[in-house]
Amino acid sequence: MSSQKLVRCDIRRAGDTDSPGSPRYVPLEIFGLWEHLMCTRHAFEVQTPRASLWLDMEDAPEAAYGENQFVRVTEVTAFVFSERDDMFTRVRRYFPTAECELLKSIFLSHYPSGAQRIHAQVRERGGIWIERDAIPTEAGGS
């Protein structure tokens with residue numbers, strides 16, 4: 001069964017107390033680094049982190065869970081060419097399925113493709129993030 005440990009959190013611009021935040025799903029193994037980057041470089045607040053599992057829909061049919069037990073989350077994998085390393089690298093992110101197209105375009109904008117660059121190859125895979133009771137997460141845990 002294909003699964004990934006993810007942290008679900010909400011982000012919003014620092015100081016914007018009127019915004020409810022936007023959900024993000026981040027691999028648990030990089031959550032601490034991602035959180036630091038979002039706060040220091042992009043001026044976001046990261047709130048209410050909760051860890052759970054993302055399951056590939058082909059391996060975990062949604063019928064096995066009640067509608068309130070999961071959230072649809074799409075895995076987006078981009079194979080991007082690094083000119084510095086002269087090779088492709090895989091970059092994988094997880095987005096709420098309802099917002100996937102918008103967030104995917106923001107994600108891919110970090111990997112510009114010009115006339116002399118090799119275009120990123122992108123693959124998407126539907127899945128679900130299993131809802132669990134709120135449990136505090138610690139960066140770097142597994």
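The values are calculated or read from the model by the stated rules, or taken from the named source; none is laboratory data. Just so you know, these numbers come straight off a predicted model, no measurement behind them. Please note: Cβ atoms are built from the backbone with ideal geometry, for glycine as well, and neighbour counts cover all protein chains shown. For accessibility, only protein heavy atoms count, side chains too; no ligands or nucleic acids. Shrake-Rupley method; radii C 1.70, N 1.55, O 1.52, S 1.80 Å.
Being of a type outside the set (D, E, K, R), under 26 Å from P112 (Cα atoms), open to solvent by 80 Å² or more (accessible area, probe 1.4 Å) and part of a strand (DSSP E or B) is a property that holds for F88. If the condition is being open to solvent by 50 Å² or more (accessible area, probe 1.4 Å), at pLDDT 90 or above and either of a type in the set (F, W, Y) or in a loop (DSSP other than H, G, I, E, B) (or both), then the range 18-29 contributes no residue at all. Run down R132, R123 and say which single residue is within 25 Å of P49 (Cβ to Cβ) and modelled with pLDDT of 65 or more. Checking each option against the conditions leaves just R132.
Pairing residues of the range 84-103 that are of a type in the set (S, T, N, Q) with residues that are open to solvent by 60 Å² or more (accessible area, probe 1.4 Å), at Cβ distances under 7 Å and at least 6 apart in sequence or on separate chains, gives T97/R72. Taking the condition under 14 Å from I130 (Cβ atoms), small (G, A, S), surrounded by fewer than 16 Cβ atoms within 10 Å (Cβ to Cβ) and without any contact (Cβ under 8 Å) to a residue 40 or more places away in the chain, does G66 pass? For G66, the condition - under 14 Å from I130 (Cβ atoms), small (G, A, S), surrounded by fewer than 16 Cβ atoms within 10 Å (Cβ to Cβ) and without any contact (Cβ under 8 Å) to a residue 40 or more places away in the chain - is met. Checked against the criterion of being in a loop (DSSP other than H, G, I, E, B), touching a strand residue (DSSP E or B) at 6+ places or on another chain (Cβ under 7 Å), open to solvent by 30 Å² or more (accessible area, probe 1.4 Å) and more than 17 Å from F107 (Cα to Cα), the range 3-17 contains one or more residues that satisfy it.
Kindly indicate which of V76, V91, V71 is of a type in the set (V, I, T), over 17 Å from Q121 (Cα atoms) and within 14 Å of the chain's Cα centre (by Cα).
After applying the criteria, what remains is V71.
Among the residues of the range 12-34, those that are closer than 21 Å to E131 by Cα and under 11 Å from the mean Cα position of the chain (by Cα) comprise P23, R24, Y25, V26, P27, L28, I30, F31.
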